[in-house]
Amino acid sequence: MLMGQNPSYYNRTALFVDQLMNGNVSLKLFRVKLSDAGRYTCIIDSKKMEASVQLIVGAVSSPFIEVVTNNSEHLVLQCASTGWYPEPEVFWLDGEGNLLSAGPTETVRGPDDLYTVSSRVTVEKRHSNSFTCRVHQNHINRTRESHILVPGSESVLH
């Protein structure tokens, strides 16, 4: 551990010692945590130089769609995704890419500060039973999506 190093960074940082003479004073951070987000400042006393960078931390995961109800008239689909940070939004799209009206998104923040989101949509059956669940986090500009094709009573995920 470096003298004066915050214990929460122990064994998670590295300097490029062999490149210091070339002016590379980069700090590498391993196993990034949500709590690592924030401003980092590099100060070089001998040259009276200073530089700062803002670290934005995010986490994403793929959503999973399941058929909750499949009768002769309509479908109820549920989409769930675990492990997001910051809190994302959930959108449903039909086979033509049109936004569908869904119920409110249920959001749970876990003890690890990661978010789990789930959303249900009820749609009438028609010739094209292809649907997309899109989960988007605007702050880190990340999107993950899953598609489902429901032909009759059996479902196919891809």
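Could you go through segment 125-137 and let me know if any residue there is in contact with an Asp or Glu (Cβ under 6 Å, 6 or more places away or on another chain), modelled with pLDDT of 90 or more, surrounded by fewer than 18 Cβ atoms within 10 Å (Cβ to Cβ) and closer than 20 Å to VAL60 by Cα.
Yes, because at least one residue in segment 125-137 is in contact with an Asp or Glu (Cβ under 6 Å, 6 or more places away or on another chain), modelled with pLDDT of 90 or more, surrounded by fewer than 18 Cβ atoms within 10 Å (Cβ to Cβ) and closer than 20 Å to VAL60 by Cα.
So, in segment 82-98, of the ones that are over 18 Å from the mean Cα position of the chain (by Cα) and in a loop (DSSP other than H, G, I, E, B), which residue ends up surrounded by the most Cβ atoms within 10 Å (Cβ to Cβ)?
Filtering first and then ranking leaves GLY95.
So which strands (runs of 3 or more DSSP E) are wholly in segment 8-81 and hold at least 2 residues that are in contact with a Leu (Cβ under 7 Å, 6 or more places away or on another chain)?
Once the strands (runs of 3 or more DSSP E) in segment 8-81 are filtered for at least 2 residues that are in contact with a Leu (Cβ under 7 Å, 6 or more places away or on another chain), what remains is 13-15, 38-44, 64-70.
Select from segment 43-60 the residues that are of a type in the set (Gly, Ala, Ser) and in contact with a strand residue (DSSP E or B) (Cβ under 6 Å, 6 or more places away or on another chain) and list them in ascending order.
Residues satisfying the conditions are ALA51, SER52, GLY58, ALA59.
Would you point out which residue out of GLU106, GLU87, GLU145 is touching a Cys at 6+ places or on another chain (Cβ under 8 Å) and over 30 Å from LEU20 (Cα atoms)?
Being touching a Cys at 6+ places or on another chain (Cβ under 8 Å) and over 30 Å from LEU20 (Cα atoms) holds for just one of GLU106, GLU87, GLU145, which is GLU145.
Pairs, please: C-beta under 7 Å, at least 6 apart or cross-chain, first residue outside the structural domain of VAL108 (by TED's automatic domain parsing) and in segment 71-87, second part of a strand (DSSP E or B)?
Every condition considered, no pair remains.
What pairs come up if the first residue lies in segment 8-26 and is under 18 Å from VAL53 (Cβ atoms) and in the same structural domain as ILE43 (by TED's automatic domain parsing), the second is among the β-branched types (Val, Ile, Thr) and surrounded by 10 or more Cβ atoms within 10 Å (Cβ to Cβ), and their beta carbons are under 7 Å apart, counting only those six or more places apart or on different chains?
VAL25/ILE44
Quick grid of which residues meet (1) more than 27 Å from PRO86 (Cβ to Cβ); (2) not aromatic (Phe, Trp, Tyr):
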position: PHE16; (1), (2): yes, no
position: ASN22; (1), (2): yes, yes
position: LEU29; (1), (2): no, yes
position: GLY38; (1), (2): no, yes
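Could you look through segment 61-81, keep only residues that are at pLDDT below 95 and β-branched (Val, Ile, Thr), and pick out the one that is surrounded by the most Cβ atoms within 10 Å (Cβ to Cβ)?
Top of the filtered list is VAL67.
Take the residues in segment 101-115 that are crowded, with 16+ Cβ neighbours inside 10 Å and at pLDDT 95 or above; name whichever of them is farthest from SER35 (Cα to Cα).
Filtering first and then ranking leaves THR105.
The values are calculated or read from the model by the stated rules, or taken from the named source; none is laboratory data. Note that the structure is a prediction, hence the values are computed from the model and not measured. Cβ coordinates were reconstructed from backbone atoms using ideal geometry, including for glycine residues, and neighbour counts include every protein chain displayed.
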